[in-house]
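Below is one structure, written out as C-alpha cells; the observations come after it.
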Amino acid sequence: MAQVDKTIDQKLKPLTFEELDLVSDFMARYPDENCDFNITILFSWGMYYQIEYAIHCDRLILFNPKYAFLLFPVGEWLTAEELHTLNNCCKKINKKADILVVPEEYVQNTPNLSEYFTIETNEDWNDYVYLTENLVNLSGKKLAKKKNLIAQFKTNYPKYRLEKIEPKDTQEIMEFSLFWKSTHDSDDSNLEAEFEAMKYVLNNWEKLPCQGIKLYVEDKLVAFSVFSPQTTEMATVHFEKYDMSIKGAGQMINYETAKYLLPDFKYINREQDMGHEGIRQAKRSYQPLRQVPAYRLKSK
C-alpha cells in the first residue's frame, strides 16, 4: 500500500515541456487506451487547461485546479481508500474536485470503491476505437457509401496528392484551420479550445511524438490530419479537418490516415464525441470496434 502524502496539494506544479521525458516514461510503463493519457493531448489540451502535476510514490498525479478534475493517477493502482485521500487533498484547492478517466478495469476490480465514491459514467466521454484495416478496406454494406465517395473523389480529382506535415507547414495548417473554424459555430467553446490545443501542437511539432498528412487538390490544401502513438498497437487521431465544399474530402483524409498508420498500428482511437450529435453520428457511421468508457468518481 502507498501512504498518500496529505500535503500533495502543496506540491503540485504547472506541467511544462520540461516534464515531457518524465511523463513519456510514465506513459510507456503504464500505457492506457484512453486518449486523455496520450502525450500529445497532455501537452496541448493539458497546457490549454493549465494542468498541474506531482510525482508521489512513483505515481504521476495530474490535476486541474480551475476545472476541478484529477486524472486517474498513472502508475500502480491505489486502493479505494488511498484514492479517496488523494482526492480530498485536491479538494483543498477546489472543493468540487472529482476523479476523471477512471479505467473500467479498475472499477470492476475494486469491490469497495462504492464505499468511498459515487461512480458515474458519461457516454459523451467514451473513446471510439476502430480496427485500422477496417478503415482502409471499408468492407460491407454499412461502409459502402464512404467507399463510393472515395472513388468519386479519385475520379473528380485525379491529380490529388498527399504530403507529410513538416514543421515548416505550421502557418499553412493554421490558416486552413481558421478557414475551417469560420465555417462552423463561432460561439462553440469546444471549437475555440480545440483551436488553441492545435496551436500548441503545431508550435511544438518537433518536441511532440506526432505526425500528420495533408491532402491537396492541385495546389489547394483541402484536408489534413494529425495523429500520434497511444500504445504500441494503437494510434490516436487528434485533429482531422477538411474543406466541406470538396465532395469526399472528409472520407478521403480518413481513409488515407488509416492507410498511413496500417503498417504500424492495429487500432485507431478517434477520441470522444463530447456529446456533439453531428460528431457522434460521424464516428458511429464508421462502425467502431468498441468504445473505451471513462468513469468519474465523486467522493462520498
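The values are calculated or read from the model by the stated rules, or taken from the named source; none is laboratory data. Quick caveat: nothing in here was measured; it's all calculated off a predicted structure. Reconstructed Cβ throughout: ideal geometry from the backbone, glycine too, with neighbour counts over all protein chains shown. For the accessible areas, the whole protein counts, side chains as well, though only heavy atoms, and no ligand, DNA or RNA atoms are used. Shrake-Rupley method; radii C 1.70, N 1.55, O 1.52, S 1.80 Å.
In order along segment 17-27, the Karplus-derived 3J(HN,Hα) couplings, from 6.51 cos²θ - 1.76 cosθ + 1.60 at θ = phi - 60°, round to 5, 5, 8, 4, 5, 4, 5, 4, 5, 4, 5 Hz, and Gly and Pro are given as x. Gyration tensor analysis over the Cα atoms of the chain returns equivalent ellipsoid semi-axes of 37, 21, 17 Å (largest first, whole Å). Since only 14, 289, 65 are under comparison, the one whose Cα sits farthest along the positive direction of the charge dipole of the chain, derived from C-beta charges on Lys, Arg, Asp and Glu, is 289. Separation of segment 58-117 and segment 191-235, taken as the distance between their Cα centroids, equals 30 angstrom. Its DSSP H runs of at least 4 residues, each contributing -39,500 (n - 2.57), put the calculated 222 nm mean residue ellipticity of the chain at -10000 deg cm²/dmol, to the nearest 500. Of all aspartates and glutamates in the structure, the ones whose alpha carbon falls short of 13 Å from that of residue 300, not counting any fewer than 8 places away in one chain, are 81, 98, 115, 120. Paramagnetic label reach from residue 139 (point 7 Å along Cα→Cβ; backbone nitrogen cut-off under 18 Å): within segment 256-300, residues 258-259, 262-263, 266-268, 286-290.
Counting only heavy atoms of protein chains, what accessible area per residue, in Å², does the chain have with a probe of 1.4 Å?
Numbers: 14660 Å² over 300 residues.
Counting only protein heavy atoms, the per-residue value for the chain is 49 Å².
Solvent exposure of residue 69, expressed as accessible area, is near 40 Å², computed with a probe of 1.4 Å over the protein chains only.
Shape class for segment 153-300: rounded, because the ratio a/c of the largest to smallest gyration tensor axis (alpha-carbon atoms, square roots of eigenvalues) is under 1.5. Looking at the square roots a ≥ b ≥ c of the eigenvalues of the Cα gyration tensor of segment 107-170, which shape do they give, rounded for a/c under 1.5, prolate if a/b is larger than b/c, or oblate? The shape class here is prolate. Pairs from the table (13/91; 207/298; 13/181; 13/164) lying more than 25 angstrom apart at Cα are 207/298; 13/181; 13/164.
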